[in-house]
Structures are given as structure tokens and as C-alpha cells.
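Read the structure below first, then the notes.
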Amino acid sequence: MSDHSRAQVARGVSPDRRRRILDAALDCFREQGIAATTIDDIRRRSGASVGSIYHHFGGRDGVVAAACAEPLETYVAGFLDALGTEEGPEAGIVTVVRFHLKRVRATPLLSEIILAASLAGRGDSAEKSGEMSALLRPHFTELGVGVRRWLGRQVEAGTLRPLPRDLQGALLMGPLFELTRLQLSGRVRASDSAIASQIGTAIWRALANRSDALGRAGRI
């Protein structure tokens, strides 16, 4: 038994029961979406009492954060690995787009997590998406820090233009958020390979030093 499991047992927390609640929550999220899932939905699906859910997670917000953490952690780690490919920054951007498309197709829940975070604070979506964004903020902070560091290294190396950091981040991440929205609505028709090549190249040309971008474009 791990130290974490022993600590859970010592606190009266059953790892099996906790896992059952999480699995039930994930099933509900997949079927009806995160925002529409209530604690009563999770209670009925898991067979656990409301008291048990509060005991393990502190309430619905804790269930959401725990259930979404694992796919988001995997996404953030894979994203930063793809961006840092040894093949160079242009290949890194294309690889990131390909990775993003693959992950959100394989994990529809991840699409909703990313979209909710990207919409936080906007119009009618503010309340629902802002709540989830706050719960998962540490993971998105890790992603943002990693992306900013990568962008900074590329600017220092002279491969990217020294644009304002927020603008750089928007040029890199904005198209990925829009792709996520389109995928959720079923409006993406092109293959992942074609999208990664076209969107990745467009992002690269927007960020790259003009002479480098034009030189590479001329060799394509």
C-alpha cells in the first residue's frame, strides 16, 4: 500500500469508494457535460451518499477538480514535450497542433475542459466556465509558464520575433482553442495531418522572424 493510500485509510477515506465516485462523475460528464452534472447525478450513478461525496471531495467542485485533473495533467505534460522537440521550433509548433488534435479527439472530456478555460469570463459562459477554470487553474498555470519559457528561449535564439508575450501566447494558443470549439460542434472535416500542417505553418509564420519564415517558406 502506498503512503498516500495509508493516509487515506487513516482518515477514513476508502480509495475504492473514492474511485467509484470519480468514475461515476466521469461517466456523467461524458454523457451530459460537466456544467450540467449535479452532485445528485453523481450520487445516483455511484451509489454513494451525498455525505460520502462531501467526505471524500468536499462537494461537487472537488469532484470536478479531481476527475478533470488526470486528463489535464497528461495533456499539459505531452503538450510541453511536443513543443520542445529537438527538430526545431517550426516542427515543435506543428507537432503541438498534431498532439492537441489527437488528445482532444481521444478524450472528449478534455475538449470541454479546455474550452471552458478559454471561455472563462466571457459573456453567458462566465459563471460556468469561470468556476471550472478556477478549479483547474494550477494545471493551466503550469502550461502557461512552460509555453512562455519556450517562447522566451526562441526569442533569445532569434527564431521568433520579440512580440509582446501575451500576443505571442495568443497567436500560439488561440488557434488551438478555436479548433477545440469546432471539434466539439462537429465542424472539423479535414484530417488531423492536414490541419496540423496548415495551422502549424500559419502559427509559425505569424511568430517567426520574417527572414527565417520567408526563407523556410521559399524552400517548401
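Scan Val96, Val64 and give me the residue that is surrounded by 15 or more Cβ atoms within 10 Å (Cβ to Cβ) and within 22 Å of Ala36 (Cβ to Cβ). Working first, answer last.
Numbers: Val96 fails: within 22 Å of Ala36 (Cβ to Cβ).
Every option except Val64 fails the conditions.
Per-residue answers, yes or no, for (1) of a type in the set (A, V, I, L, M, F, W, C); (2) modelled with pLDDT of 85 or more; (3) within 11 Å of the chain's Cα centre (by Cα):
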| site | (1), (2), (3) |
| --- | --- |
| Phe57 | yes, yes, no |
| Gly62 | no, yes, no |
| Glu73 | no, yes, yes |
| Val76 | yes, yes, yes |
| Leu83 | yes, yes, no |
| Gly88 | no, yes, no |
| Ala91 | yes, yes, no |
| Arg103 | no, yes, yes |
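Which is in a loop (DSSP other than H, G, I, E, B), surrounded by 14 or more Cβ atoms within 10 Å (Cβ to Cβ) and either out of contact with any His (no Cβ under 7 Å at 6 or more places or on another chain) or of a type in the set (A, V, I, L, M) (or both), of Leu143, Leu176, Leu171, Leu163?
Among Leu143, Leu176, Leu171, Leu163, only Leu163 is in a loop (DSSP other than H, G, I, E, B), surrounded by 14 or more Cβ atoms within 10 Å (Cβ to Cβ) and either out of contact with any His (no Cβ under 7 Å at 6 or more places or on another chain) or of a type in the set (A, V, I, L, M) (or both).
In segment 197-220, which residues are over 23 Å from the mean Cα position of the chain (by Cα) and either surrounded by 15 or more Cβ atoms within 10 Å (Cβ to Cβ) or at pLDDT 95 or above (or both)? Don't jump to the end; show me each part of the working.
Within segment 197-220, the subset over 23 Å from the mean Cα position of the chain (by Cα) is 205, 208-220.
Those that are over 23 Å from the mean Cα position of the chain (by Cα) and either surrounded by 15 or more Cβ atoms within 10 Å (Cβ to Cβ) or at pLDDT 95 or above (or both): Arg205, Ala208, Asn209, Asp212, Ala213, Arg216.
The values are calculated or read from the model by the stated rules, or taken from the named source; none is laboratory data. The model shown is predicted, which means the values in this text are computed figures rather than measured ones. Because the Cβ atoms are built from the backbone with ideal geometry, glycine has one as well, and the counts that use them run over all protein chains shown.
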